[in-house]
Amino acid sequence: MAGSIVLFGPPGAGKGTQAGKISEITGKPQVSTGDMLRSAVAEGTQLGHEAKTFMDAGLLVPDSIIIGLISERLRNDDASNGVLFDGFPRTIHQAEALEEIVSVTSVISIEVPDESIIERIVGRRMDPETGEIYHIKFKPPPEEISLRVIQRRDDTEETVRSRLTAYHEQTAPLADWYSEKGLLVRIDGDMPIEEVGKSIASKL
Ligand code: AP5
């Protein structure tokens, strides 16, 4: 399998927002563990059932579930030239498991201070038909779809605080782990969406 890219950063950093453009530029399909888990919850599968309690509490889903999900996803034909991981890996254990199955060629770390995260997450809205991500202030949905946009159930201020704690304790150490391997590319994510996109594109 050709090299894969990891999109890394705290909740609300803009990983999902930037993923489409990166996929377009690199030709690598986006693989978002968050989206896969939400689909499993919506479909009412056993895996969705197990994951839901953790997601609602803003905690990480256990590594064994996530690694199984990813291993299965990577068997699809579209993964043969590498993929764009969005929100995975999130622990050193996940990163070590990933190393066994694919080669990661770069880790794009979108860096945003905690102060900006809560406003971003609480104001996020999603179009359930297209999956497009909006924000009530920073990227308002067009009028014709503004009535159908929804808010994610884990996008409450209380849950965001737990997600941030999980990020700092379990995920942030991965930045050093990848940096030591010479793979980490730091991007200032505390700029307007377009500017962040240009900055990432210039590093690809
Ligand atoms: P997941 O869905 O991955 O959530 P997350 O990492 O918390 O990331 P988000 O989707 O919240 O943020 P994002 O960086 O994609 O930001 P976005 O582009 O939407 O995971 C959900 C849950 O699933 C986890 O809590 C966990 O329980 C579980 N899970 C998933 N993966 C797991 C794993 N590997 N291991 C264990 N558990 C796992 O942007 C956010 C908002 O900001 C939007 O409204 C957007 O319009 C706006 N915005 C974006 N960029 C900018 C900008 N530059 N300026 C202003 N606003 C901006």
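On a 32 Å Cα-Cα criterion, which of the cross-link pairs LYS137/LYS181; LYS21/LYS137; LYS52/LYS181; LYS137/LYS203; LYS137/LYS198 come out too long?
Working: LYS137/LYS181 38 Å; LYS21/LYS137 21 Å; LYS52/LYS181 34 Å; LYS137/LYS203 28 Å; LYS137/LYS198 21 Å.
Result: LYS137/LYS181; LYS52/LYS181 exceed 32 Å.
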*Most fluctuating residue of ARG153, ARG186, ARG120 in a GNM of the chain with Cα springs under 10 Å: which is it?*
ARG153
_Percent carbon-and-sulfur accessible area, the chain, ignoring ligands, DNA and RNA, probe 1.4 Å_ = 50 percent
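About the Cα centre, and with charges only on the beta carbon of Lys, Arg (+1) and Asp, Glu (-1), how big is the dipole of the stretch 1-105? Nearest 20 debye, please. Mind showing how you got there, number by number?
Details: 8 positive and 13 negative charges, 55 e Å.
Computed charge dipole of the stretch 1-105: roughly 260 debye.
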_Set of the stretch 22-41 residues, backbone N closer than 13 Å to the point 7 Å along the Cα-Cβ line of ALA201_ = 22-26
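What per residue convex hull volume, in Å³, comes out for the chain when only alpha-carbon positions are used? Mind dumping the intermediate values first?
On the way: hull volume 24.5 nm³, N = 204.
About 120 Å³ per residue, rounded to a whole number.
How large is the convex hull of the Cα atoms of the stretch 1-77 per residue, expressed in Å³ as a whole number? Don't skip to the answer; put the middle values down first.
Values: hull volume 8.8 nm³, N = 77.
Spelled out: Cα convex hull of the stretch 1-77, divided by residues, is 114 Å³.
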_Whole percent per 5 Å bin, from 0 to the bin with the longest distance: what is P(r) over all C-alpha pairs of the stretch 95-165?_
3, 13, 19, 16, 14, 14, 13, 5, 2, 0
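Nearest 5 percent is fine: what portion of the DSSP beta bridges confined to the chain is antiparallel?
Details: 5 of 21 bridges.
Looking only at bridges with both residues in the chain, the antiparallel portion is about 25 percent.
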*Where labels lie 7 Å past Cα in the beta-carbon direction, separation of LEU147 and THR130 in nm*: 1.8 nm
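The values are calculated or read from the model by the stated rules, or taken from the named source; none is laboratory data. These numbers were taken from a predicted model, which means no experiment stands behind them. Cβ sites come from the backbone with ideal geometry, for glycine too, and all protein chains shown count toward neighbours. When the accessible area is computed, the model is the full protein with side chains, heavy atoms only, and any ligands, DNA or RNA have been set aside. Shrake-Rupley method; radii C 1.70, N 1.55, O 1.52, S 1.80 Å.
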